[in-house]
Amino acid sequence: MERVFAKHAGIGWVGKNTCLIHPKMGSFLFLGVILTDLYLKPDTPQTDHCGTCTRCIDACPTEAITEPYKLDARKCISYLTIEHRGPIEPMLAERMGNHLYGCDICQDVCPWNRKSPRTEDPAFQPRDGCFNPHLETFQKKLEQEYPKGFTRSPLKRAKKEGLLRNIAMVMKNRI
């Protein structure tokens, strides 16, 4: 919902990957909303600058971007590894490769993100042991320390069961 408001406010355009794209920041950004009764004149909406590019569509391993500007969340690796509860369809699980939590492939290949600034703010950096973790070690940590050892971590959103499912899937894909 926020991206629609941001689009109409002139912050950026919605790309073929369905992410809001800012001309200088790319799509790696956080959106927030301020509710107010003040009249604020919006900027002129941005025009779409994706042109003929289809890198995001071509790169998606699960074909979640079914056509330009259309995303089937049921196939999206981010949705499947974070929000989805229960088993993952075997064909999709196989295509998910080594993605334990989330996916940014459609953003990584977007030309608008080539020059986007990266933050060094520690609040946005992965915690020790959570970026490309040794799977067996991470699984033990999860089994022994969840939820306490994951306080204020976005990983909690996937729940313990989802993370364990994802670990098993990645291990199977590595065989």
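Each value in this text was obtained by applying a stated rule to the coordinates, not by laboratory testing. Because the structure is predicted, anything quoted here is derived from the model rather than measured. Here Cβ is always computed from backbone atoms with ideal geometry, including for glycine, and neighbour counts include all displayed protein chains.
Side notes on the structure shown:
- Its relative contact order, with pairs defined as Cα atoms under 8 Å and 6+ residues apart, puts the chain at 23 percent.
- Note on Lys148 and Met25: their simple-model spin labels are 3.8 nm apart, each label 7 Å out from Cα toward Cβ.
- A dipole drawn for the chain from +1 and -1 charges on Cβ atoms has a positive end, and of Thr47, Met1, Ser78 the residue lying farthest that way is Ser78.
- The chain: radius of gyration and largest Cα-Cα distance (Dmax), Å: 18.1, 58
- When the listed pairs Lys75/Lys160; Lys70/Lys141; Lys70/Lys115; Lys41/Lys159; Lys16/Lys160 are checked against a 31 Å cut-off, the alpha-carbon distance exceeds it for Lys70/Lys141; Lys41/Lys159; Lys16/Lys160.
- In terms of surrounding Cβ atoms within a 10 Å radius of their Cβ, Leu100, Leu135, Leu40 rank from fewest to most as Leu40, Leu135, Leu100.
- Choice from Gln125, Gln107, Gln46 showing the highest fluctuation, given a GNM over the chain with Cα pairs closer than 10 Å: Gln125
- Qualifying chymotrypsin sites (Phe, Trp or Tyr not before Pro) in the stretch 7-62, DSSP loop, other Cβ atoms within 10 Å at most 15: Phe30, Tyr39
- Where chymotrypsin sites (Phe, Trp or Tyr not before Pro) fall in DSSP loop in the stretch 96-138, at most 15 other Cβ within 10 Å: Phe131
- Cα-centre dipole for the chain with unit charges at Cβ (Lys and Arg positive, Asp and Glu negative), debye to 20: 280 debye
- Treating r as the C-beta distance of Met91 and Glu120 and R0 as 45 Å, the FRET efficiency rounds to 0.70.
- Added length on full extension, which subtracts the Cα-Cα distance from 0.36 nm per residue, Asp104 to Arg74: 9.2 nm
- The charge dipole of the stretch 86-175, taken about its Cα centre with unit charges on the Cβ of Lys, Arg, Asp and Glu (plus for the first two, minus for the last two), comes to roughly 140 debye.
- In the stretch 52-143, GluC sites (Glu not before Pro) in a DSSP loop with at most 10 other beta-carbon atoms within 10 Å: Glu120
- Taking Cα atoms only, the orientation of helix 159-174 departs from the longest principal axis of the chain by about 80 degrees.
- Most mobile listed residue (Lys160, Lys70, Lys41) in the chain, GNM with C-alpha springs under 10 Å: Lys41
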